[in-house]
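Engineer: I am attaching a structure below and will ask some questions about it afterwards.
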Amino acid sequence: AEGVVCGHDLFVASAMEPPDNILKVKTHRRGKDILIDHNYLEIASPTTSTKFGHYYDISKTMSPELLQSIKWHSFYLPEELSLEPKLKMCNMNCGYANLLHSIQRVIYQEGFDGSHPQKKQKNILRIGIQSLGSLLWGDDICSSDTPEDIHSLTKFLYVLRGLLRKSLSACIITVPSHLIQNKAIMERVTNLSDMVVGLESFIGSERETNPLYKDYHGLLHVHQIPRLNSLICDVSDTKDLAFRLKRKQFTIEVREAVLFHYFEPKRWNTWENRPTPTSLELEDFLVFHFHSSLIFFFLITLAVGARQLLETREEHLSSRLLILTQAERLCMGRRFFTAFHIFNELPCKGYGLSLFSAKASTQRGICSH
Amino acid sequence: MLAELNELLGASPQRPGTGKFTLLRDTGTDGSFLVHHFLSFYLRAGCKVCFVALLQSFSHYNIVAQKLGVSLTAARERGQLVFLEGLKSCLDLLFGEEEPSGEPSPLQFISGSTSNLKALFDFVRTSLTPADSASWKGSVLLVDDLSVLLSLGAAPVAVLDFIHYCRVVVCSQLQGNIVVLVHGSEDAEDEENDLVGNSLGHHSDLILWVEGLATGFCKDVHGEIKIIKRLSLESTEQDLVQVYQYKIQERNVTFFARGLSAAVL
């Protein structure tokens, strides 16, 4: 959708359904392998566009006039295979080989790699590939623990990376990672990609009924961000993102853990004013965080804030690691990460310093380690 | 060139060392800043460098190298740097016409015609063997990164053979140095990758192991680096292990002892 709105060229590849359908008809699929097919959207109103990106109304489909204003290429695997069933490239799967040839042809013919300098306007090619690695592409990594050819997908990605690096194009690929049993392949795929984002839907999992997650439909994990042309990369502060699919909008939000509300010292300054968890929520906590339930129960009954957490450090040294690993899964708020960094003798700024008081009880104690 | 890392390693561009095999490993984080460091370090030291860059394009390394004070285009023009851009070479192999000079492509194993990495080794050997009189201070082979060869279909044994042949030529015959990066992930599910990494670790003189923090992301500390110096391959002396934490900045990487980041002090 962004490509259409910005006037870029599109290349849509699919083995599942004809690309026309992806671009025109709205198919709203839920499930673990979802990726937001925001290709079939319409702009709600031009005035609400921010400096980067636009807003879309996902209850409507895109108008045909808008689609006709750009040039788009399609690749539908069953059709392509019927035309050239024998195409082979370096022992790669036939479907992947076909797709690579097709992409390379478009890049070369339309001049995205600078091969036709006489073209006046330079444009960008946006490539979208649906469900790569699935059985429909002829690859068996999703259906077998010991696939016949584990290198097809990674070879494909490497050649694609080369094509993208030398042309004005960008590519987004969806991969049904929950079906791929061989974890080594996923690690290699991640290594060969620039940016890796994972969507975890709550449907069908125990989290669907968990009150912690009642406002959301799933979690968004950012596994990798590009580090290009620079030593540093632009990592955001928060890693705890969840998404929500409303009738007209798909939003991604920062998730606040419920736990955070109880232990934020600022919100309640006297013992009487503290928020009391309902018994149901407390129980869910204890069931959900099985290993750390003892720790958290202890903390809840004593209404321990972060300060007390640190003062009881000695007693909890042995269980320290437990707190840490569970905390990661909880994706707790920043203040807790601060406390855990102190636990691990790691540096942390600001809030952590004023919290921690050394045994000498100085005004602004500093970690002695 | 990262000055602080040079201090920690006891290295300086005036004495680049000879016959050393350095292994760079990263798990769960990006250790490419070490590759950039060694690239600019050896170029500054006046060595001839053969850089097998499999994962990124030339312009990426060039832009970062400029921030570290070295120009790769200038080095390439004066013959000090031989750059193999893996992505481009792969495209030429698959989509290009036949080689006019008749030389096989260094990444020929991708096409499946051979299963060994001999073509790649021949490329390294011809680029580092001095054709003219030795005008450079030494020879260096730099590889980023070896795990990509496994993804492209090379067997772990083939990769280890390739490195072995390179060591014979570069470290023994030419008295040069080799620096190799092996990228891994936190979960360590890739057995072939671990095999290559551990096997090379046994033969290395110096191992720089970069890991992310166990507690997750932190803005002021990007990770931990373990420096393992092999004092002697023959004797049973213990390796020297040092651990530091680091923070990557735009043009520099600062290293500090654990818990002593500038954010705290």
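Engineer: Kindly state which helices (runs of 4 or more DSSP H) lie completely within segment A:62-111 and contain at least 3 residues that are farther than 27 Å from residue B:152 by Cα and open to solvent by less than 80 Å² (accessible area, probe 1.4 Å). Quick ask: steps written out before the conclusion?
Structural biologist: Values: elements: A:64-68, A:77-83, A:94-109.
Filter on segment A:62-111 gives A:64-68.
Engineer: Give the residue, chosen from B:192, B:224, B:211, that is within 14 Å of another protein chain (Cβ to nearest Cβ) and in contact with a Ser or Thr (Cβ under 6 Å, 6 or more places away or on another chain).
Structural biologist: Unique residue meeting the criteria: B:211.
Engineer: I would also like to ask the following. Looking at segment A:134-146, which of its residues are within 14 Å of another protein chain (Cβ to nearest Cβ) and open to solvent by less than 20 Å² (accessible area, probe 1.4 Å)?
Structural biologist: A:141 - this is the single residue of segment A:134-146 that is within 14 Å of another protein chain (Cβ to nearest Cβ) and open to solvent by less than 20 Å² (accessible area, probe 1.4 Å).
Engineer: Sticking with this structure for a sec: I'm checking my understanding of the structure. Among residues of segment A:185-214 that are surrounded by 20 or more Cβ atoms within 10 Å (Cβ to Cβ) and β-branched (Val, Ile, Thr), which one is nearest to residue A:241 (Cα to Cα)?
Structural biologist: My answer is A:189.
Engineer: Return the total of residues in segment B:15-39 being at positive phi and among the hydroxyl-bearing types (Ser, Thr, Tyr).
Structural biologist: Total satisfying the criteria: 0.
Engineer: Take the residues of segment B:97-132 that are modelled with pLDDT of 90 or more and of a type in the set (Val, Ile, Thr): which is surrounded by the fewest Cβ atoms within 10 Å (Cβ to Cβ)?
Structural biologist: B:126
Engineer: Can I ask one more? Would you mind stating whether residue B:38 is open to solvent by less than 30 Å² (accessible area, probe 1.4 Å), within 25 Å of residue B:163 (Cα to Cα), of a type in the set (Phe, Trp, Tyr) and within 14 Å of chain A (Cβ to nearest Cβ)? Before the answer, list the steps.
Structural biologist: Numbers: open to solvent by less than 30 Å² (accessible area, probe 1.4 Å): yes; within 25 Å of residue B:163 (Cα to Cα): yes; of a type in the set (Phe, Trp, Tyr): yes; within 14 Å of chain A (Cβ to nearest Cβ): yes.
So residue B:38 fits the description; yes.
Engineer: Assuming residue A:130 fulfils every condition listed in (1) in contact with a Ser or Thr (Cβ under 7 Å, 6 or more places away or on another chain); (2) within 14 Å of chain B (Cβ to nearest Cβ); (3) polar (S, T, N, Q) apart from one, which condition is it?
Structural biologist: (2)
Engineer: Would you be able to say whether some residue in segment A:112-125 is out of contact with any Asp or Glu (no Cβ under 7 Å at 6 or more places or on another chain) and buried (at least 19 other Cβ atoms within 10 Å of the Cβ)?
Structural biologist: Looking for residues that are out of contact with any Asp or Glu (no Cβ under 7 Å at 6 or more places or on another chain) and buried (at least 19 other Cβ atoms within 10 Å of the Cβ), one finds at least one in segment A:112-125, hence yes.
Engineer: Further question on the same structure: Looking at this structure, is residue A:237 within 14 Å of chain B (Cβ to nearest Cβ), at pLDDT below 80 and open to solvent by 60 Å² or more (accessible area, probe 1.4 Å)?
Structural biologist: When the stated conditions are applied, residue A:237 passes them.
Engineer: Could you please find all residues in segment B:1-29 being in a loop (DSSP other than H, G, I, E, B) and touching a residue at least 24 places away in the same chain (Cβ under 8 Å)?
Structural biologist: Across segment B:1-29, the qualifying residues are B:1, B:2, B:11, B:13, B:14, B:16, B:17, B:18, B:19, B:20, B:28, B:29.
Engineer: Test residue B:107 against the criterion of being aliphatic (A, V, I, L, M), in contact with a helix residue (DSSP H, G or I) (Cβ under 7 Å, 6 or more places away or on another chain) and within 11 Å of chain A (Cβ to nearest Cβ), and give yes or no.
Structural biologist: Taking the combined requirement at face value, the residue satisfies it.
Engineer: Which of the residues spanning segment B:42-96 are part of a loop (DSSP other than H, G, I, E, B), within 21 Å of residue B:152 (Cα to Cα) and modelled with pLDDT of 90 or more?
Structural biologist: B:54, B:55, B:56, B:57
Engineer: Anything in segment B:63-84 that is at the interface with chain A (Cβ under 9 Å from one of its Cβ atoms) and out of contact with any His (no Cβ under 8 Å at 6 or more places or on another chain)? List them, or say none.
Structural biologist: Passing the criteria: B:63, B:67.
Engineer: Where in segment B:199-265 are the strands (runs of 3 or more DSSP E), entirely inside, with at least 2 residues that are open to solvent by less than 20 Å² (accessible area, probe 1.4 Å) and free of Cβ contacts under 8 Å to residues at least 40 places away in the same chain?
Structural biologist: It comes to B:240-248.
Engineer: Find the residue count for segment B:149-169, including only residues that are in contact with a strand residue (DSSP E or B) (Cβ under 8 Å, 6 or more places away or on another chain) and closer than 15 Å to residue B:193 by Cβ.
Structural biologist: Qualifying residue count, segment B:149-169: 1.
Engineer: Go through segment A:165-184 and count every residue that is open to solvent by 40 Å² or more (accessible area, probe 1.4 Å) and hydroxyl-bearing (Ser, Thr, Tyr).
Structural biologist: Result for segment A:165-184: 1.
Engineer: Do we have residue A:154 as within 26 Å of residue B:184 (Cα to Cα), at pLDDT 90 or above and polar (S, T, N, Q) here?
Structural biologist: Criteria met by residue A:154.
Engineer: Specify which of the listed residues (B:199, B:172) is closer than 30 Å to residue A:183 by Cβ, of a type in the set (Ser, Thr, Tyr) and within 21 Å of the chain's Cα centre (by Cα).
Structural biologist: B:199
Engineer: Right, something else. Assuming residue A:162 fulfils every condition listed in (1) open to solvent by less than 20 Å² (accessible area, probe 1.4 Å); (2) over 23 Å from the mean Cα position of the chain (by Cα); (3) facing another protein chain (nearest Cβ under 10 Å); (4) in contact (Cβ under 8 Å) with a residue 24 or more places away in the chain apart from one, which condition is it?
Structural biologist: (4)
Engineer: Looking at A:215, A:234, which one is closer than 27 Å to residue B:248 by Cβ and in a loop (DSSP other than H, G, I, E, B)?
Structural biologist: Matching residue, one of A:215, A:234: A:234.
Engineer: Let me ask something else. Within segment B:85-95, take every residue that is open to solvent by 10 Å² or more (accessible area, probe 1.4 Å) and touching a residue at least 12 places away in the same chain (Cβ under 8 Å) and give me the one that is nearest to residue A:161 (Cα to Cα).
Structural biologist: Here the answer is B:88.
Engineer: Further question: Identify, please: which residue in segment B:19-35 is within 19 Å of residue B:203 (Cα to Cα) and in contact with a Cys (Cβ under 8 Å, 6 or more places away or on another chain) and is, among those, most open to solvent (accessible area, probe 1.4 Å)?
Structural biologist: B:20
Engineer: Would you check if there is a residue in segment B:170-177 being part of a loop (DSSP other than H, G, I, E, B), more than 9 Å from chain A (Cβ to nearest Cβ), surrounded by fewer than 21 Cβ atoms within 10 Å (Cβ to Cβ) and in contact (Cβ under 8 Å) with a residue 60 or more places away in the chain? Give the steps one after another, and end with the answer.
Structural biologist: As a first pass, look at segment B:170-177 and keep what is part of a loop (DSSP other than H, G, I, E, B): B:174-176.
From the residues that got through so far, the ones that are more than 9 Å from chain A (Cβ to nearest Cβ) too are B:174-176.
Still in the list and also surrounded by fewer than 21 Cβ atoms within 10 Å (Cβ to Cβ): B:175.
Among the residues that remain, those that are also in contact (Cβ under 8 Å) with a residue 60 or more places away in the chain are: B:175.
Yes, there is a match, as at least one residue in segment B:170-177 is part of a loop (DSSP other than H, G, I, E, B), more than 9 Å from chain A (Cβ to nearest Cβ), surrounded by fewer than 21 Cβ atoms within 10 Å (Cβ to Cβ) and in contact (Cβ under 8 Å) with a residue 60 or more places away in the chain.
Engineer: Quick one: how many residues across segment B:56-71 are closer than 24 Å to residue A:161 by Cα, surrounded by 20 or more Cβ atoms within 10 Å (Cβ to Cβ) and touching a Ser or Thr at 6+ places or on another chain (Cβ under 9 Å)?
Structural biologist: 3
Engineer: I've got another one for you. Examine segment A:185-199 for a residue that is over 28 Å from residue A:104 (Cβ atoms), in a helix (DSSP H, G or I) and under 19 Å from the mean Cα position of the chain (by Cα), and state whether such a residue exists.
Structural biologist: Initial filter on segment A:185-199 (over 28 Å from residue A:104 (Cβ atoms)): A:198-199.
Applying the additional criterion that residues be in a helix (DSSP H, G or I) yields none.
No, that holds for no residue.
Engineer: Also: Name the single residue, out of those in segment B:133-152 being away from chain A (no Cβ under 14 Å) and out of contact with any helix residue (DSSP H, G or I) (no Cβ under 7 Å at 6 or more places or on another chain), that is surrounded by the most Cβ atoms within 10 Å (Cβ to Cβ).
Structural biologist: B:143
The values are calculated or read from the model by the stated rules, or taken from the named source; none is laboratory data. None of these values were measured; they are calculated from a predicted model. All Cβ positions, even for glycine, are placed from backbone atoms using ideal geometry, and neighbour counts span all protein chains on display. These accessible areas exclude ligands, DNA and RNA; they are computed on the full protein's heavy atoms, side chains included. Shrake-Rupley method; radii C 1.70, N 1.55, O 1.52, S 1.80 Å.
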